[in-house]
Each structure stands twice: as C-alpha cells, then as structure tokens.
Amino acid sequence: MSGPNTPRQNILIVDAASAATTQLVNALHDHHLESIVIAESAAALEHAFAAPPLLILSELEQPGIDGADLFRRIRAHADTQDTPFIFITRLPELETRLKLLSLEIDDFIAKPYYPEEVVARVESILRESAVTPGGDVPLNQGFTGSLEEMSLMDLIQTLELGKKSAMIHLVQEPDEGYLFVDQGEVVDAVLRDSTAEEALDNLMLWLHGYFELTMQPVQRERRIIRSNRELLLAGAQRLHEYRQRSAQLPSVESYVARAADVVRPELPEREARIWELLERPQPIRLLVASLGEDELRTIEVIQALWERKLIVISPGKASDADLIASSMIRQVSESRQRSAEPYSRMASFFTRNGHQKKNLS
C-alpha cells in the first residue's frame, strides 16, 4: 500500500518511449506531476481502468487499439469517463483536426512539442477540471493567431462545427475587417465601405495577416444570406484563382514601381488608378488594399500590368504601414509564445467546463 510520501502516477502517457517522452516525464516531475509511459495501448487501457489517472496524453497513431478507439473506450468506462484526454501527434490535415475536436477531446498537441508547453497545457486543463461543473465557454475568451497558419475559412468551419458565436477581428495592413458568427453561422462582415457579402469575399482572400477571435454573443442583423456551405464553396474557388494569379507575381511584400522607360501610357480605368498610386514604389499588398475593391479583380489588374512590363520590382522604402505591420508581427509572435498552438487553443472552446462535456457530433 502506498505511503503518504509515495509519488502518485497522476499522468498516463500512451506513446513509445523516446528522448521526447523522457524529457516530458522530467518536465512534469519538475512541476510536481508524476507520470508513467506505456507504449502498448491495450496495456495502457488496462492500467487506466485499474488506477484512473488525472489526465491521459496519447499518441493518435497507435498499433493495435488506435488513439481514437482508445479515447472512446476511456469515455465509455464509468471510472474514466471524465478523465481529461489530450492527443499528441503530428499536425494532421484540417479535416482530421475537425474530427478530433468532434470527439470531445480536451486538447491536442502537435509534435514535435516543447515539454514546458505541454506541462502548461496539462496544468491548465487540470485547473479547468477542478472547476464546479456546468456553464459554457467563458465570455470574451479568445486568442490571436496568424492567417498563414489558420485561414478565415478554417476558423469559420471550426466555429460552425461547435455552433459557437464569436467576433473575429482580422488585420492585413493597412486594412482591418470584422466577421461575426452566430451559433456557427456567418451573419455579418465589415470591411471599409463594402457590403457584407463583398467584405466577406475579400476577407477570405487574406492569407498574410493576423486575427483576434473573441468568443461572445453576437446580436447583429443578418446581412449575409448565403449558407456557410455556399460561402465556403465560393470562397474556395476564389481563393484558388487568387493563388494562381498571385503565383505569377512577386510576393505581396515586394515593392513595385512604374517601368522607367514607359511614359504615361493610355490605360483602362483600373490600371490607370494603380499607375497613379505608383508615383512612388509600393508593396503589392498595399496596392491591393488601396483600391478598396474586389481584391481578386485588383490582382488581375496588377498581373496585367506586370505581364506587359509596365511595372517592375523596385527596392522601395518602408512606409508607416510597414512599420505598423512589423510591430504587430512582433506582438503576435510574443503572444503566441505564451499561448498554445492556434488549433489547440480553438479546441479549448469546444471542451467541457469542469466535468460537463459538450457534444459536437
């Protein structure tokens, strides 16, 4: 029988023994959390039923009983049905990530991981598990991330899966916009003076900015009538064309200028407007934003000027907007170092508060 000073094996790690798992065990121990590593999932299941752990960390890809099946069996057993469960695995595709969230897991962590990050998230979930059961996601909870890692389309699909309400603030310097989701349905979007539908069409093309998502009730008149499925289908088609055209140009951060040997050519209206904006070199992303129109059509116009060699790459000079963007990049980077990986942070919105689980099926 264990004495009062005998360490408890509170955390069950279901994964092959490796240098990474050894470092994780040591990091947990440093934070007064004892753990045991069991490589074989059937043995881990038997151990969990015999001595229910405080929390389970499991590799998703397992020989024999795979991680998803292990999770279902843990949830089906009376003694472990409320045990927090975290998957640790190589970052899967979006569809797989969404399926993982729908299993009602508490979190998942992408490999390779930093042991201290895993410990911080384990401690956070254990604190949450100690809260009195009941309630929903705390209001005004949110996180910041990069659109290069998690696009607006990813965010919409994830909020739809959980039928959650949120405001998403998006920034792609020098522009900013807002998207409003009510119980999983996109209801409104704001960008400059555009209509809601036009604003959403443009925001879904933003791939180089940053977002701040805040979970909150949304009480706005519905200005977007199309269903999420229609929006995402149209957005995917536009994004495909946008990427194809952008691939024919320098990067959006590249500065372009009027070709030195071209003297005020006769141009169609949109091309003429871009020509005027190039009185001094400008980065392509600022050109796209400055027109304030459909960004896919604007990229088409810039591509036409580029192909006819009317505009060329220029060394350029940092503008105020560039400095603002650099500052924001630094702030977001610092924020993300203190936070979990974006998909994992999103997962926390769909798990229980205390011992009450959310059904996302």
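Take the residues in segment 258-304 that are part of a strand (DSSP E or B) and not charged (D, E, K, R), then tell me which one is nearest to residue 199 (Cα to Cα).
Once the filter is applied, the top-ranked residue is 283.
Out of (1) part of a strand (DSSP E or B); (2) among the aliphatic types (A, V, I, L, M); (3) farther than 19 Å from residue 172 by Cα, the odd one out for residue 213 is which?
Here residue 213 meets the rest and fails (3).
Quick one: residue 253 ticks every box in (1) surrounded by 18 or more Cβ atoms within 10 Å (Cβ to Cβ); (2) outside the structural domain of residue 156 (by TED's automatic domain parsing); (3) within 26 Å of the chain's Cα centre (by Cα) bar one, so which box is it?
(1)
May I ask you to verify whether residue 275 is among the aromatic types (Phe, Trp, Tyr), crowded, with 16+ Cβ neighbours inside 10 Å, touching a helix residue (DSSP H, G or I) at 6+ places or on another chain (Cβ under 8 Å) and outside the structural domain of residue 198 (by TED's automatic domain parsing)?
Against the criterion (among the aromatic types (Phe, Trp, Tyr), crowded, with 16+ Cβ neighbours inside 10 Å, touching a helix residue (DSSP H, G or I) at 6+ places or on another chain (Cβ under 8 Å) and outside the structural domain of residue 198 (by TED's automatic domain parsing)), residue 275 qualifies.
On the given criteria, is residue 42 in a helix (DSSP H, G or I) and either over 11 Å from residue 13 (Cα atoms) or of a type in the set (Asp, Glu) (or both)?
Here the answer is yes, as residue 42 does meet what is asked.
On the basis of being buried (at least 18 other Cβ atoms within 10 Å of the Cβ) and over 24 Å from residue 308 (Cβ atoms), does residue 205 make the cut?
no
Going by the structure shown, is residue 185 modelled with pLDDT of 80 or more, within 19 Å of residue 234 (Cβ to Cβ) and surrounded by fewer than 17 Cβ atoms within 10 Å (Cβ to Cβ)?
No, not satisfied.
Looking at this structure, is residue 280 of a type in the set (D, E, K, R), under 12 Å from residue 302 (Cα atoms) and more than 33 Å from the chain's Cα centre (by Cα)?
no
Would you mind stating whether residue 170 is more than 18 Å from residue 284 (Cα to Cα), outside any strand (DSSP E or B) and modelled with pLDDT of 85 or more?
No; evaluated as a whole, the condition is false for this residue.
If you take the residues in segment 45-62 that are of a type outside the set (Ser, Thr, Tyr) and part of a strand (DSSP E or B), which one is surrounded by the fewest Cβ atoms within 10 Å (Cβ to Cβ)?
Residue satisfying both the conditions and the ranking: 59.
Mind listing whichever residues of segment 70-88 are aliphatic (A, V, I, L, M) and part of a loop (DSSP other than H, G, I, E, B)?
78
Hey, can you tell me all the residues within segment 236-256 that are assigned to a helix (DSSP H, G or I) and of a type in the set (Ser, Thr, Tyr)?
Answer for segment 236-256, where residues must be assigned to a helix (DSSP H, G or I) and of a type in the set (Ser, Thr, Tyr): 242, 246.
Here is a check on your reading of the model: is residue 259 in contact with a strand residue (DSSP E or B) (Cβ under 7 Å, 6 or more places away or on another chain) and buried (at least 19 other Cβ atoms within 10 Å of the Cβ)?
Answer is no for this residue.
Here are some residues: 49, 85. Which one is closer than 29 Å to residue 149 by Cα and in the same structural domain as residue 107 (by TED's automatic domain parsing)?
Criteria check complete, one pass: 85.
Applying the selection to segment 177-210, what residues are among the aromatic types (Phe, Trp, Tyr) and either within 16 Å of residue 294 (Cβ to Cβ) or in a loop (DSSP other than H, G, I, E, B) (or both)?
Of everything in segment 177-210, just one residue is among the aromatic types (Phe, Trp, Tyr) and either within 16 Å of residue 294 (Cβ to Cβ) or in a loop (DSSP other than H, G, I, E, B) (or both), namely 206.
Check residue 194 against each of (1) within 24 Å of residue 145 (Cα to Cα); (2) assigned by TED's automatic domain parsing to the domain that holds residue 177 and name the one condition it does not meet.
It fails just one condition, (1).
The values are calculated or read from the model by the stated rules, or taken from the named source; none is laboratory data. Worth saying up front: this structure is predicted, and the values here are computed from it rather than measured. Cβ sites come from the backbone with ideal geometry, for glycine too, and all protein chains shown count toward neighbours.
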